[in-house]
1. Sort out which residues of the range A:466-488 are under 23 Å from A:I260 (Cα atoms) and either buried (at least 21 other Cβ atoms within 10 Å of the Cβ) or not aliphatic (A, V, I, L, M) (or both), and write them in order of number.
2. Can you tell me which residue within the range B:50-98, out of those that are among the charged types (D, E, K, R) and within 7 Å of chain A (Cβ to nearest Cβ), is surrounded by the most Cβ atoms within 10 Å (Cβ to Cβ)?
3. Being small (G, A, S) and in contact with a helix residue (DSSP H, G or I) (Cβ under 8 Å, 6 or more places away or on another chain) is the filter here, so list the residues in the range A:114-130 that pass it.
4. Only residues that are outside any helix (DSSP H, G or I) and among the hydrophobic types (A, V, I, L, M, F, W, C): list them for the range A:462-481, please.
5. Please state which one of A:A362, A:A405 is touching a residue at least 12 places away in the same chain (Cβ under 8 Å), more than 7 Å from chain B (Cβ to nearest Cβ), in a loop (DSSP other than H, G, I, E, B) and under 30 Å from B:E23 (Cβ atoms).
6. If we keep just the residues of the range A:333-346 that are more than 31 Å from the chain's Cα centre (by Cα) and facing another protein chain (nearest Cβ under 7 Å), which is surrounded by the fewest Cβ atoms within 10 Å (Cβ to Cβ)?
7. Residue by residue through the range A:347-358, note down the ones that are facing chain B (nearest Cβ under 9 Å), outside any loop (DSSP other than H, G, I, E, B) and not β-branched (V, I, T).
8. So, of the residues in the range A:195-218 that are more than 15 Å from A:A72 (Cα to Cα) and among the aliphatic types (A, V, I, L, M), which turns out to be nearest to the other protein chains (Cβ to nearest Cβ)?
Amino acid sequence: MEYIDLPIEELHQALVNRKTSPFELTKVALARAHASKENAFEIIDDEEALAYAASLVDPEEDNLLWGIPFLAKDNFSTKDLPTTASSNILASYRPVFDAAVIERLKAKKMVLIGKTTLDELAMGGTGTTGHLGITYNPYDPTHQRMVGGSSCGSAAAVASGIVPFALGSDTGDSVRKPASFAGLVGFKPTWGRISRYGLFPFAPSLDHVAYFTRDVKMAASVLEALGGRDDRDSTSSLRSVEPYCELLNKNTGVKRIAVIKEIQETIKDNDVLLHFSKAVEALRKEGYIVEEVSYPLELLQSLFPTYIVISCAEATSNDANLDGIKFGPFKGGNTYEEVMKRARSEGFSELIKRRFVIGSFALMRENQEDLFLRAQRNRAKIVSELNKIYQSYDFIMTPAAPSIAPRFEDSSDRLSNEYLIADSHLCLGNFAGLPSITLPLFLKDNLPVGINFMGRAFEEANLLALSSQFERLSGLAELSTVTRKEGYL
Amino acid sequence: MKEISIEVLKDAANRLLFDLSEEEYQTLYEEFMTLKEQMKKIGEIKGLENYEPMTFPFPCETTYLREDVPMEPLSQEDALKNAGSVMMGQIKLPKVVG
């Protein structure tokens, strides 16, 4: 155990009392990053990180994030530092600006130590499709199990104890699902709460800035830093940012939790169901009212195809600028079409090309009504039915994944005709833009499984207060492969 | 909706300015068959036609014009920094007009 493994408040006190320093923490983080075997990094920026950390000598008592090392998923623009989105189409790209969230974290004097791997262009859920190959789950040293994606490198790095916080992005469940497989807090605030300026887009109507931490206090503190209007992202909200840390222990009086019966019925793993019911009992003892509700099964079955059509259609349009001309590898050619075709044929992997064709086909005039617009209408119905639950309840609680992290051989990125409700329900939070958080629930065969809570739009304070209470009940705050814990539930 | 065939998919990929192998087109074709079935079922959901297509989770809050504030644009150096083919301070491409 090192200082970097401590809960954020204790770590901060150690910095304030000069028992450790940003330089020492950064050295430990970099050493662990270089020693890790999970293929979690696109780049480790030793020189810049150490130089910046060494310049931080006067602790800021009221800034919980001061001097803490962190990582960013490689789809956030970082000035003069390569930003590849784990795709060969961006292999040589060095942005000339920082993403808004990078700016804000630097303003808090956090130390960026590198960039993490992802499924190519964030369009995947397995952590296997990035241009550097598979990212592994640190809880499985035999490297047979996934950590999930698309924010695979960030999840693996926080779970390995390299840093206490890493940025990710979440379009379907790309932070909250890996958080389940890696025993972490994975938090996606409300759509519009955090600026996406400088986040390489996948599907803007679904994309969220999200992140991994090891405790809820850190998640609250990061939201205070990242939340708020940014004029460079016109979809960012004008609502004021609340003092989330201060509100963590406040009795909110918000106590009604819904459990969706149809989702529970698709969970086949009895251990997941058993520990979920223990969580329900523990919350009831704390005064929460937890009740089962019904949600239309046909809409749950429609989640994945609806998601695929909308996200692929948006992606194919967004990524039209990846042409190897303004940035990305220039491959030459006799016409401008040939220049673009060479760059795009060589730059995108097969999976990405298939997704783009699906999106493009869905957008063709003769197909729009049957594909794209139908998916958008269905999204409206899905959200409308979800909002009916929120008329009587404050939160929806679900298992974050149907099982422990699956083996690579049992997963696929190909579309399937099975209804994978238990695997895809977290995208409800993206369709509706609602704040949603995954927390560790229990461990099975030394592999973690998470629970997910989803709250009302812009009510992050209530969601974080519930999460903080749940973290005390589960006993799994600060879980990592360094700290190893059993949990109470 | 347009009938899906390998030729139609090749045309779509061509319009997107990339190519796939024959085997990859076959995988894509099979995926399309699955998706088509699933989307057909969604079309059967009762009352779907009464919903407006949802484009964003919430109504846009930015309903005003921003102030006209002078600012420095991207410098030529920065604009060209990532381009692979540059000549005389501009991006160079093959001739477009004959």
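The values are calculated or read from the model by the stated rules, or taken from the named source; none is laboratory data. None of these values were measured; they are calculated from a predicted model. Cβ atoms come from the backbone with ideal geometry, glycine included; neighbour counts cover every protein chain shown.
1. A:L466, A:S467, A:S468, A:Q469, A:F470, A:E471, A:S474
2. B:K81
3. Correct list: A:G114, A:G124, A:G125, A:G127, A:G130.
4. Answer for the range A:462-481, where residues must be outside any helix (DSSP H, G or I) and among the hydrophobic types (A, V, I, L, M, F, W, C): A:L476, A:A477, A:L479.
5. Residue meeting the stated conditions: A:A405.
6. Ranking the candidates gives A:N334 first.
7. Within the range A:347-358, A:G347, A:E350, A:K353, A:R354, A:F356 meet the criteria.
8. A:L206
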